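Okay, structure first, notes after.
Bear in mind that the values in this text are calculations on the coordinates, not laboratory data. What you are looking at is a predicted structure, and each value in this text was computed from that prediction instead of being measured. Here Cβ is always computed from backbone atoms with ideal geometry, including for glycine, and neighbour counts include all displayed protein chains.
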Amino acid sequence: MTTHNTEGAAQPRFGTKERLFYSTLHKRVDEYFKSNNIKKTGNTEMYIKTVFMFALFFVPYSILISNMVMPGWVSILLCVVVGLGTAGIGLSVMHDANHGSYSSIPWLNNLMSRTLNFVGGHYFNWQMQHNVLHHTYTNVDGHDEDIVPPFFLRFSPHAEWRKIHRGQAYYAWFFYGLLTLSWVTLKDFSQLIRFSKMGLLRQRKEKVGQHLTEMILTKIGYYMLMMVLPLLVTEYVWWQVLIGFFINHFTASLLLSLIFQTAHVMPEAEFPQPDEKGQMEHDWAVHQLYTTCNFAPKSKIFAWYAGGLNRQIEHHLFPSICHVHYEKIAPIVEQTAKEFGYPYNVEPTFASAIVSHLKLLNEFGNPQKNAA
C-alpha cells in the first residue's frame, strides 16, 4: 500500500503513445490566440481584478483599524470580507503570477507572485508544491502533495486507512478552514526543509538560507500588519484581534480548500498509480483529463472571483495561459478531448461539486462499507 510520503520516492514516467492529443490541442489553442491577435498572458481585465482584490482586502481592513464605532456583527462581517480578499489575492493574482501567466513581463510576474508573502505565505513553497509536484503528478499518491493531508484525512484510495477517517466527510470542512493558518505559522518552514531534502532547491539553484530569511521577514511584517498594528491603533483587546484574525483565515481557507479539492478529489477523477517499473498508463496531458474536474462553467461571477479555477482542466493543460482566457479556450479543449475519446469532467455548479466531493470523502473514509 502506498503511504503518504513524497520524499525520496522515485518519479513516475508518463507514456508517449498519446501525444497526438496534446499536439493537436496545442495547435488549435495557439490558432485561437493568433487569429484573434491577443496575448496568452494577462490583460486589462487582469489588472482591474488585481486592484479589486487588494481593495477587497484593504478597504474592510482600513475600516477595522479606523476606530470607527460599530456593532460587533459589523466587525465580524468586515473580517469575513478581509478573508474574501485574502483568498481573492491568492486565486486571482498570485496563482497566475507564479505560473508566469499574469504578465509577459518577467519581473512583474516575480513581483506579483510575492503577493502570497503579503498574505502570510511563501511564494517559493507554493511553486514547489503546486507548480512542480501537483501539476506534474496530479492525483498520484505519494507524489502529489495536494492529496497528502494530515493523518486524520484521506484523499486517495491508495493511502493508508485509519479508523478516524470514517467521519472525515463531517469534520473535514473544519480542518479545511485551518489551511492558511497552517501556512502562516509552521507549514511553510517544514515545507522548505522538506523540499530542500528532496533536492528541489538544488535543482533550481536556490538557497535555503535566502528563502528562510525572506520567509521570516515577510511573516514578521504580516503579523505586524494583522495583529500588532490593530492592537496599537484601535481599542480592540488582544482576544478580539485574535478572533478577527481567525475569522479572516477561516473564511479564506475554507474557500481555497473547497475550490481546489473539488477540482481533483472527486468521484469523476481517477487516482492512477505507476506500475512496478514506475510507468504511468497515460501521457501527461491525457493524465490531466482523467484526474481533473471543472465545475460551475456557467457562473461568470464565481469564475471571475475564483481566478478561473472552476476550469481546472484548462488550467492544468495550459498553466502558462492567464485564467482570463479560459472561458474562450474551454470549448476547444472539450471538443478535442471528446474527439479523441477522452473524458472532460464537469460538475454543473459549485454546490453540486462540494456535495460530490463530500460523498467521495465518505467513500474514502469507509472503504470496507463501500466494498461490501
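What FRET efficiency would be calculated for the residue pair Q279, N36, taking the C-beta separation as r and a Förster radius of 41 Å, to the nearest 0.05? Walk me through the numbers on the way to the answer.
Working: r = 39 Å, r/R0 = 0.96.
In this case the efficiency is close to 0.55.
How large is the Kirkwood hydrodynamic radius of the range 325-371, in angstrom, based on all distinct alpha carbon pairs? Before the final figure, lay out the partial values.
Working: mean 1/r = 0.0766 Å⁻¹.
In the range 325-371 this quantity evaluates to 13.1 Å.
So how long is each side of the range 132-174 along the principal axes, counting just the alpha-carbon atoms, biggest first, in Å?
Extents along the principal axes, in whole Å: 31, 20, 13.
From the C-alpha coordinates alone, can you work out the Kirkwood hydrodynamic radius of the range 19-371, in Å? List each step's numbers first, then the result.
Working: mean 1/r = 0.0467 Å⁻¹.
Kirkwood hydrodynamic radius for the range 19-371: 21.4 Å.
E363 to I216: FRET efficiency via 1/(1 + (r/R0)^6), r the Cβ-Cβ distance, R0 35 Å, to the nearest 0.05? It would help to have the intermediate numbers written out before the result.
Details: r = 41 Å, r/R0 = 1.19.
Step by step, r from the Cβ atoms, then E = 0.25.
Give me the distance in nm between label points sitting 7 Å out from Cα along the Cα-to-Cβ direction at Y223 and N110, one decimal.
2.9
Please report, in debye to the nearest 20, how large the charge dipole of the range 19-371 is about its Cα centre when each Lys and Arg carries +1 at its beta carbon and each Asp and Glu carries -1 there.
Numbers: 28 positive and 25 negative charges, 79 e Å.
Dipole size: approximately 380 debye.
Using only Cα atoms, what Kirkwood radius does the range 150-275 have, in angstroms? Intermediate results must be reported in sequence, preceding the final value.
Working: mean 1/r = 0.0567 Å⁻¹.
Kirkwood hydrodynamic radius for the range 150-275: 17.6 Å.
Residue farthest toward the positive end of the dipole of the range 17-84, with Cβ of Lys/Arg at +1 and Asp/Glu at -1: which of N43, N67, L56?
Going by the charge dipole, the pick is N43.
Under a plain spin-label model, where a point goes 7 Å from the Cα along Cα-to-Cβ, how far apart in nm are F151 and Y47?
5.2
At what distance in angstrom do the alpha carbon centres of the range 260-281 and the range 178-230 lie from each other?
Cα centres, the range 260-281 to the range 178-230: 29 Å.
Mind ordering 147-155, 133-141 by average Cβ neighbours within 10 Å, highest first?
Numbers: 147-155: 18.4, 133-141: 22.1.
In descending order of packing, they fall as 133-141, 147-155.
Please tell me which of these pairs span more than 24 angstrom C-alpha to C-alpha: K300/K328; K27/K328; K187/K298? Working shown, then result.
Working: K300/K328 12 Å; K27/K328 15 Å; K187/K298 35 Å.
From the list (K300/K328; K27/K328; K187/K298), the Cα-Cα distance tops 24 Å for K187/K298.
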